[in-house]
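Step one of this worksheet: look at the structure below.
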Amino acid sequence: MLEADIKPVETFNDLIGINNNRIECYSFASNRSGSHVLKSLFQRLVGTSLSLKEELVTEVFKDRSVHMEG
């Protein structure tokens with residue numbers, strides 16, 4: 001992998017970590033919430049964060065395979 005390619009992978013990894021933190025915080029808030037409306041909102045935000053994380057992970061592996069082949 002070229003030096004210039006390391007920065008984007010590091011950025012993706014940072015974003016994956018941020019999404020992991022969001023998932024953890026939204027799950028915590030959902031479990032602690034006494035309000036059904038808030039619980040539902042936080043659960044939906046967990047789902048959104050999981051989807052975003054999945055997309056980022058896919059991009060990291062796609063990026064790595066391109067550089068491995070090239």
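What number of residues in region 1-32 are at pLDDT 95 or above and more than 18 Å from Val57 (Cβ to Cβ)? Residues flagged as at pLDDT 95 or above and more than 18 Å from Val57 (Cβ to Cβ) within region 1-32 amount to 8.
Residue-level check: of (1) of a type in the set (Val, Ile, Thr); (2) at pLDDT below 95; (3) surrounded by 12 or more Cβ atoms within 10 Å (Cβ to Cβ), Val66 misses just (3).
The values are calculated or read from the model by the stated rules, or taken from the named source; none is laboratory data. Being a predicted model, the structure only gives us computed values, none of them experimental. Please note: Cβ atoms are built from the backbone with ideal geometry, for glycine as well, and neighbour counts cover all protein chains shown.
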